[in-house]
1. Given the criteria modelled with pLDDT under 90, touching an Asp or Glu at 6+ places or on another chain (Cβ under 6 Å) and under 30 Å from PHE184 (Cα atoms), does LYS132 qualify?
2. Taking only region 154-191 into account, find how many residues are under 15 Å from LYS132 (Cβ atoms) and surrounded by 19 or more Cβ atoms within 10 Å (Cβ to Cβ).
3. Anything in region 245-258 that is assigned to a loop (DSSP other than H, G, I, E, B), exposed (fewer than 13 other Cβ atoms within 10 Å of the Cβ), of a type outside the set (Gly, Ala, Ser) and on the phi < 0 side of the Ramachandran plot? List them, or say none.
4. Just the residues that are modelled with pLDDT under 90, closer than 28 Å to LYS289 by Cβ and either surrounded by 13 or more Cβ atoms within 10 Å (Cβ to Cβ) or not small (Gly, Ala, Ser) (or both), please, taken from region 98-118.
5. What pairs come out if I take residues in region 298-318 that are under 21 Å from GLY236 (Cα atoms) and pair them with residues that are modelled with pLDDT of 90 or more and part of a helix (DSSP H, G or I) whose C-beta lies under 6 Å away, six or more apart or interchain?
6. Select from region 65-96 the residues that are under 15 Å from ALA355 (Cα atoms) and not basic (Lys, Arg) and list them in ascending order.
Amino acid sequence: MATPISGKPGSPQRPTAVPSAKPAPAAQTPSTEQILPDSTNFPPLYEAAILYAAGHSDAAQETLKDYMKTTDGKNSIRTWLMLFDFYHLTANRREFDALSMLYTVKFERSPPVWTDTLDSADPRRKEKRERKDFYVLTPDSDAALLGEIDKFESFAKEIGSCRIDFAKVKSILPEEAELFAIVFQRLRRAKIPIWFNAFDAFATTLRASINETTGLPLNASQGFWSLLFELYIFEGKTNEYEELGLEYAVAFEMSPPAWQVVNRPLSDDDTTASANPSADKATMGFPIKGVVSAASKDVFQQLSLYAASKQEVVIDTSDLMRIDFTAVTMFFEAIRGIHSGQKRVILSNLNELVAALLEVFGITKHAILMRKKAG
């Protein structure tokens, strides 16, 4: 059931500190001063949620356990449910079962049920796993890329998907860019999904290469234009594509390449939230899974497209483990943007840690929060 927190929502700003706070009575709603993001006085449950979002799982657990020792904490079902969610998210079955016994005795009701799912693992452990289709583009000693581009194409075709990391690429020659564009065209036509790391920095390098100040003849820069067009197509960046197309038309006095639609599934990278709105989950809403991080832009682009044709936007967070603290503002703005279009937004099946974090940032002004059923 929906349990929004009342009070004036705060703007999504990072707290300057998360000190220990006197527990608010379990039966009362925290005051506005207690939950505003710029406050230095957080109730323990909100403090634990912030610590967990910031990656401090041990500190979050300690905060919850300390609060459980108090009368207010022990009598608050929400404290128990947050601990259940914490143990489930961190794959601590032993503590989960021990808490279940105490919960049954105290409240005379069934505890939440443990479910063994791939997504219910400790985010910290998942973040350490390597993708099998991860490819780091590494220039040779002369900063050349031609050999690497050939290897990349073979690798992507063999695996059937690829996340390519551009972080080590600081420059690229015209002929390399042209070959790269051809490779991406072949992979796109073969319907091989490609994702990118360090995309923005690499795109900036390409844009600088088509600038008139480089002194290159116009025709010599064709490869840079072609590669940028391909990258924007894969990333679904229509605005950037259109802007580049206008520049291209002026520079070459001809029409730019036609826009292509790429039905690329969202990355299943363990450190990034994933979603597949094309899946048959219409009754459950738009699914967001895993960990929402600064690398989750794809998710919000897909969410925006999903929400465009709906008046009521339901977002299913059954498999959402965590919203990283660095991505809370991005998440907040995505929800606020949908709500500003006079749409009703519902976040369903939230775990207690995520729900508390969103309440701290005042998202209840823009969405209805619905937690998972307790049992």
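1. Values: modelled with pLDDT under 90: yes; touching an Asp or Glu at 6+ places or on another chain (Cβ under 6 Å): no; under 30 Å from PHE184 (Cα atoms): yes.
For LYS132, the condition - modelled with pLDDT under 90, touching an Asp or Glu at 6+ places or on another chain (Cβ under 6 Å) and under 30 Å from PHE184 (Cα atoms) - is not met.
2. Adding up the residues that qualify gives 4.
3. Residues of region 245-258 assigned to a loop (DSSP other than H, G, I, E, B): 253-258.
Then drop every residue that is not exposed (fewer than 13 other Cβ atoms within 10 Å of the Cβ), which leaves 253-255, 258.
Cutting the leftovers down to of a type outside the set (Gly, Ala, Ser) gives us 253-254.
Correct list: MET254 only.
4. Result: PRO111, PRO112, VAL113, TRP114, THR115, ASP116, THR117, LEU118.
5. From region 298-318, the pairs are PHE300/ALA334; ALA307/ILE338.
6. Looking only at region 65-96, we keep the residues that are under 15 Å from ALA355 (Cα atoms), and these are 77-86, 89.
Matches in region 65-96: ILE77, THR79, TRP80, LEU81, MET82, LEU83, PHE84, ASP85, PHE86, LEU89.
Per-residue answers, yes or no, for (1) under 22 Å from LYS151 (Cβ atoms); (2) of a type outside the set (A, V, I, L, M, F, W, C):
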{"site": "ILE182", "(1), (2)": "yes, no"}
{"site": "ILE194", "(1), (2)": "yes, no"}
{"site": "ILE210", "(1), (2)": "no, no"}
{"site": "TYR241", "(1), (2)": "no, yes"}
{"site": "SER255", "(1), (2)": "no, yes"}
{"site": "GLN260", "(1), (2)": "no, yes"}
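The values are calculated or read from the model by the stated rules, or taken from the named source; none is laboratory data. Just so it is clear, the structure is predicted and the values come from calculations on it, not from any experiment. We place every Cβ from the backbone using ideal geometry, glycine too, and count neighbours over all the protein chains shown.
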